[in-house]
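Every read-out reported here was derived from the displayed coordinates using simple, explicitly stated rules and does not represent laboratory data. Source: prediction; values computed, not measured. A quick note on method: Cβ atoms are made from the backbone with ideal geometry, for glycine too, and the neighbour counts reach across all protein chains shown.
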Amino acid sequence: MSAPLSPGEKAARTRKRRAAAAKAATTRKRMNAWVRAHAAEAASKAALQAHCKEYGWRIAFFEGATGAPRTGIIDAIAFRLGRKDSDLLDVRLIQLKGGQAGISGREVARLKRAADHAAVNWLVAVFDGETLHLLPDDPMRQ
């Protein structure tokens, strides 16, 4: 059995335990918010994928190497070939929102600016069985 604590030691131990409990409560709140945010993100991605599939769009999400969303305004791109002219491409830049997140006027302006400044170019990729050749001469390295 351990020796009885002095009043000062007991008070110090109580302060440490209360601080630890407060830190744990804060962590639980943050983790719950993190879990909710990621669940809302996954649900909004699934809903967008289902919508795009229903209407004949292909979709690509822009994510980091770990699967985390990027910080830019464009979260995804939806695209499809023209319905009457298969040489035409219809492209949509998408800002994905989930849960209770709202969209601001500033975000709409950023998305419009991104669409206005989107760069479109052409590229031919030829694989000869050993090497991938890009025409014009590898513009993707720039």
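What is the dipole size for the stretch 7-141, taken about its Cα centre, with +1 at each Lys and Arg Cβ and -1 at each Asp and Glu Cβ, in debye to the nearest 20? Provide the component values of the computation, followed by the final result.
Working: 25 positive and 14 negative charges, 392 e Å.
So the dipole magnitude of the stretch 7-141 works out to roughly 1880 debye.
In µm²/s, what is D for the stretch 11-142 at 37 °C and 0.692 mPa s, where D = kT/(6 pi eta Rh) by Stokes-Einstein and Rh is the Kirkwood radius from Cα pairs? Write down the numbers at each step before the final one.
On the way: Rh = 19.1 Å.
Translational D for this selection: 172 µm²/s.
Roughly how many Å is it from the Cα centre of the stretch 1-32 to that of the stretch 74-142, as a whole number?
Using only Cα atoms, the two centres lie 53 Å from each other.
For every helix of n ≥ 4 consecutive DSSP H residues, a contribution of -39,500 (n - 2.57) applies; sum these over the chain, divide by its total residues, and give [θ] at 222 nm rounded to the nearest 500 deg cm²/dmol.
Values: 2 runs with 60 residues, N = 142.
Rounded to the nearest 500, it is -15500 deg cm²/dmol.
Holding the Cα-Cα limit at 32 Å, pick out from LYS23/LYS112; LYS16/LYS97; LYS45/LYS84 the pairs that are longer than that.
Working: LYS23/LYS112 42 Å; LYS16/LYS97 41 Å; LYS45/LYS84 29 Å.
Correct reply: LYS23/LYS112; LYS16/LYS97.
For the ranges 32-39, 73-80, what's the packing order if you count other beta-carbon atoms within 10 Å of each residue, average per peptide, and put the highest first?
Details: 32-39: 11.5, 73-80: 17.2.
Packing order, densest peptide first, comes out as 73-80, 32-39.
Order of 104-112, 127-135 by packing, highest average Cβ count within 10 Å first?
Numbers: 104-112: 11.7, 127-135: 8.3.
Going from most to least packed, we get 104-112, 127-135.
Could you point to the residue in ILE77, PHE127, LEU96 farthest towards the positive end of the chain's charge dipole, with +1 and -1 charges on the Cβ of Lys/Arg and Asp/Glu respectively?
LEU96
Please report the relative contact order for the chain, taking Cα pairs under 8 Å with a sequence separation of at least 6, and give it as a percent rounded to a whole number. Intermediate results must be reported in sequence, preceding the final value.
Values: 104 pairs, mean separation 20.3, N = 142.
For the chain, the relative contact order is 14 percent.
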